[in-house]
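Asker: Can you keep this structure in mind? I'll have questions shortly.
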Amino acid sequence: MIPAIFVVVGMLLMIVNAVILTSIVDGIVAETVAGAIADGRDNLEDWESDESWINSTDERAYYAYNIANIDAINSGETDAPEFELIGPAIYTVTTHREILAFDEDAGEMTYSEYDVFEWCENCIHDGKASISGDTELTNVNILYNTQKIAGLSTGITYGEIFAKAGFANAMMVNDLQNRAPSIWSAAEINMMVDGVAAQLVQAGYDEATASAMAPAAYLNAAYANWNASAGGASPMDPDFTEVANYILYDAVDPSTGNCIALTCEIGPMLAAGIGEPADETTAVRAALYGYSDRLDTTLIDWTVYALAGTTFLSNGGGEDLESAENLRERFRTATDPYINQDSNGNGIPYDDGMDITDPDTLNYLLFGINQDTGLGAGLLTETDFNGIPLNGVALLLLGAQSNPFGTMVEYSVNLGQVLALADYAGGWIGMVGTMTEFEAILIGGEGTINADLWWQISFGSVEPLEGGYLSIGLNRADHAGDADLTLEKVREILYDGPFALTGDFATVFMYGELSGKTLPTGADGIPVSGGAQVDWNDELIAGMYGIDTEAASALRSWVKDLMFDQVIGALLVFQYETSPYTTQSLNNWLYGWRDIAVADTLGDIDDMTLGWVSLETNMTYYGSDGVSTGDYSVYKMSTGSGPDGLDSVEHRIAQGYISGETGEIYDMSEYLPWRAPAAEEYTYGLLTDHVGNADTTLTGTIGSIGDADESFKVNLVGYATADSIVGDNVVYKGIPSTHQIQAKLLGTGTILDVMPGGLPIYFGSTVDLKVEPVTNVVMYGKSVSRFYLDLRGAGSMNPDFGSDVQPVFEIHTFGEISDEDAASFKEAVLDNMGPTYWTNFDSGKDAMYIDYVAVSIYIIGIVMMAFGSMKLLESNSKNKEEE
């Protein structure tokens, strides 16, 4: 029995050593490691001396999707982009931190940090060398829809300017084609009457009598000429005695009092323009020139018509301007009354206007096309720009306002002539000085029409000059005839009403069009968080503006289909050279490019510190000559020395910013900055639904220490937070181990942040973390974050990620414990745990004693088992011999 006891005792010693003592030692090691972690992070000096934390460096690899067929898209061959993946472009990211406050008792530390990115020429990611950061990339202009929405009210104003440029074009054509010949005709008629008076003086009449007799005598001669040309059709002669002075000198427009006599500026073209005598035309002309209700009305009317028409045509009235040989004279005469503010005294020819002596200069000024842009440069030129009629007069005036010297060079004119052009053309379009008035009597109307009145009439009803409907008014396309609005109603819709489209409400209107709902609204009709939303439809719009549903439908189509889909985009291209696609280097895409539309929105297109945007946040914007990306971020985190101990070590508590000017910390909260309650309030409570989740807080997100056995919270580079999923145990280097982001990228603090499809970018990230179970330190981390573009455009939400979206950027990050540190960790921690913990005799003083005890127990156990086994063998041998 004694040998057997030795064997059993030896085995028990081995088991005790392997199981019980191992568990005790593992616990001691774990507690020692935990204590070491706590001791290494529990005071300010620990953090300040940790250079790898104060200035940490990682690598980040970027992949991007380049539009390979941009030329085909720009030429109109296709509208479907073809994407090709390029990359990786690898950058080193150095994070610089500064400790701002340290509270050892509370276990909290506050620090600021900022990143500096540098392209890594020699870096490799997944076996691929880094491509240059200067590599050109063509992709979607992610700000395009937002610029269109934000610029809607301004775009409507500019659209109005370009519409009124069409009116100005027509007016200037009329000036050159008809008004100048009419002025010459009036002067000629006046001169002819004076000639008759001179003849009468020669015949013996005194000057006063001759002057009194001359008008009737002149009209008698005019009648005789007409009658002869008509073959002597009339058996009687009309009597001009009582009406001659009125016809030639005194006739006025009854609605304005402006002179319309045949010796006045517009008299000849008006009298001729009414048309050949007939019942209707004769009645109109006779009423205007004072010979109605006479027996000889018809004969007088033929005389007036023939005199005005013959003289007007002989002076080039109605002639095709492009074939006219006297453009210089026409332009000088047409511009004189507007430049010199002359009154149109009877018979005074205008010859003090702009005198452009060089034919090529005048031809370009009137009919030119800018060879660089392909757009109209001349006052009378109209070109098509992305489906929008663009008149050169608007481009000339806008150019003269912003760059007078450039206008002088382009048009080969001097500064005085630029100013004269601005006075003349600007008056017709309504951009400079007092608006020029067009005499409505020339088109059978009353009063006068200027650019503003023409636009307002044409916008909501029939175009007053030629009839029909304006292609950029409410009665456009399929909505022809749907609207017949008063001027008061048009002004209410565009300018004066509570829902005026040239004000801030344009953005609200667009929200309704894109979302199909109103903003959340309280009982008082004011947008408010938690308010009620109703359907955005024709009936609602009709009620808002006090119009019928047909006009409401036309208005909605005008805003969405014309202004937003066509006009605003064309204006962005024209004004800022902005387009739906952008080509620039990867460095620009990631770390900074200047958008002049944004700069203009912020107040000064020429201020080079404004308008910078980026996808990543470097210390300064790339290519900006040092323009800061803004105040540094500030974080508060747990150090593990507070009430929660190691359970919360390196967990984030709050985030905010520090002012670069004052050093003041502000906006500290437990929320992701772009998901803070204030952001929700700015968007009337729509942000959470728009993003697609309610994960708004960053409190509890881990740093470098997690929990190997429990789910923990991860901050995905400020775009989102997510909870980890515990996976299987693995051995690593010997160590066991999507939502909408429009509001973050824009950050306007307005409903633009939640405008459906305003910036249709979605974010998704896959993260793989390996946490060592003794220390809970993250030994390995790899993430792939993707930015997706919703290809369906503005107004679309909740895409099918299998068919509706296209990845546009990928960010790959990777971090791991080094081979050297892994070996050290394995020796210092893991080699002191488990059944073979005792084999490591350099584990420290206390643990070394346990190692010696453990090996002694193993030796004793082995000896006892060996001794007992030998005795049992001897006993068995003796028994066999005795048998």
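Throughout, read-outs are computed from the coordinates displayed, never taken from laboratory work. Because the structure is a prediction, the values reported are computed rather than measured. In this analysis, Cβ positions are derived from the backbone assuming ideal geometry, glycine residues included, and neighbour counts consider all displayed protein chains.
Asker: I need 285, 652 ordered by Cβ neighbour count within 10 Å, fewest first.
Answerer: Working: 285 25, 652 21.
By the 10 Å Cβ count, ascending, the order reads 652, 285.
Asker: Moving to a separate point now. Reported to two decimal places, what Rg/Rh ratio describes the stretch 437-579 when computed on Cα atoms with Rh from the Kirkwood expression?
Answerer: My calculation puts Rg/Rh at 1.02.
Asker: Near residue 269, within a Cβ-to-Cβ distance under 12 Å, what is the net charge of the other residues, with Lys and Arg +1 and Asp and Glu -1?
Answerer: On the way: positive: 179; negative: 175, 265, 439.
After counting each charged neighbour, the total is -2.
Asker: Compute the length gained on full extension between residue 540 and residue 471: take 0.36 nm times their separation in residues and subtract their Cα-Cα distance, giving the result in nm to one decimal. Before the final figure, lay out each step's value.
Answerer: Values: separation 69, 0.36 × 69 = 24.84 nm, distance 2.54 nm.
Gain on extension, residue 540 to residue 471, equals 22.3 nm.
Asker: Lys and Arg at +1, Asp and Glu at -1: add these up for the other residues within a Cβ distance under 12 Å of residue 507 and post the number. Write down the numbers at each step before the final one.
Answerer: Working: positive: 148; negative: 504, 513, 753.
In short, -2.
Asker: Could you sort 801-807, 522-528, 272-278, 184-190 so that the peptide with the highest average Cβ count within 10 Å comes first and the rest follow in order?
Answerer: Sorting 801-807, 522-528, 272-278, 184-190 by mean packing, highest first, produces 184-190, 272-278, 801-807, 522-528.
Asker: To continue, here is another question. First check a/c for the stretch 490-549, with a ≥ b ≥ c the square roots of the eigenvalues of its C-alpha gyration tensor; if it is under 1.5, answer rounded, and if not, answer prolate when a/b is larger than b/c or oblate otherwise.
Answerer: Judged from the Cα gyration tensor, the stretch 490-549 comes out prolate (a/c at least 1.5, a/b above b/c).
Asker: Between residue 561 and residue 403, 0.36 nm times their residue separation minus their Cα-Cα distance comes to what?
Answerer: Going from the current span to full extension adds 53.6 nm.
Asker: Taking R0 as 45 Å, what FRET efficiency do you get between residue 51 and residue 688 from their Cβ-Cβ distance, rounded to the nearest 0.05? Intermediate results must be reported in sequence, preceding the final value.
Answerer: Details: r = 41 Å, r/R0 = 0.91.
Once rounded, the FRET efficiency stands at 0.65.
Asker: Whole angstrom only: what separates the Cα centroid of the stretch 110-152 from the Cα centroid of the stretch 376-423?
Answerer: Between the Cα centres of the stretch 110-152 and the stretch 376-423 lies a distance of 39 Å.
Asker: Please order 617, 57 by the number of other Cβ within 10 Å, starting at the fewest.
Answerer: Neighbour counts put them in this order, fewest first: 57, 617.
Asker: Sort out for me the Cα centre separation of the stretch 296-326 from the stretch 540-600, rounded to whole Å.
Answerer: Centre-to-centre distance over Cα atoms comes out at 48 Å.
Asker: Could you sort the peptides 562-573, 94-105 by per-residue average Cβ neighbour count (10 Å cutoff), highest mean leading?
Answerer: Top of the packing list down: 562-573, 94-105.
Asker: Among 124-131, 541-548, how do they line up by average Cβ neighbours within 10 Å per residue, starting with the highest?
Answerer: Most protected by this proxy first, the peptides run 541-548, 124-131.
Asker: Also: Assuming 0.890 mPa s and 25 °C, estimate D for the stretch 519-652 with Stokes-Einstein, Rh taken as the Kirkwood radius over Cα pairs, in µm²/s. Present the calculation step by step, with values, prior to reporting the outcome.
Answerer: Values: Rh = 20.1 Å.
The diffusion coefficient I find is 122 µm²/s.
Asker: Hey, another quick one. Find out how many positive minus negative residues lie around residue 399, taking Lys and Arg as positive, Asp and Glu as negative, among other residues whose Cβ is under 15 Å from that of residue 399.
Answerer: Taking every Cβ under 15 Å from that of residue 399, the sum is -3.
Asker: While we're looking at this one, here's another question. With N set to the residue count of the stretch 112-221, report its C-alpha Rg divided by 2.2 N^0.38 Å to two decimal places.
Answerer: 2.89
Asker: At a 10 Å Cβ-Cβ cut-off, how would you order 264, 120, fewest neighbours first?
Answerer: By the 10 Å Cβ count, ascending: 120, 264.
Asker: Hey, what did the stretch 437-579 get for relative contact order, percent, Cα under 8 Å, at least 6 apart?
Answerer: After rounding, I find 14 percent.
Asker: Give me the number: length gained by fully extending residue 69 to residue 548, i.e. 0.36 nm times residue separation minus the C-alpha to C-alpha distance, one decimal in nm.
Answerer: Roughly 167.8 nm would be gained on extension.
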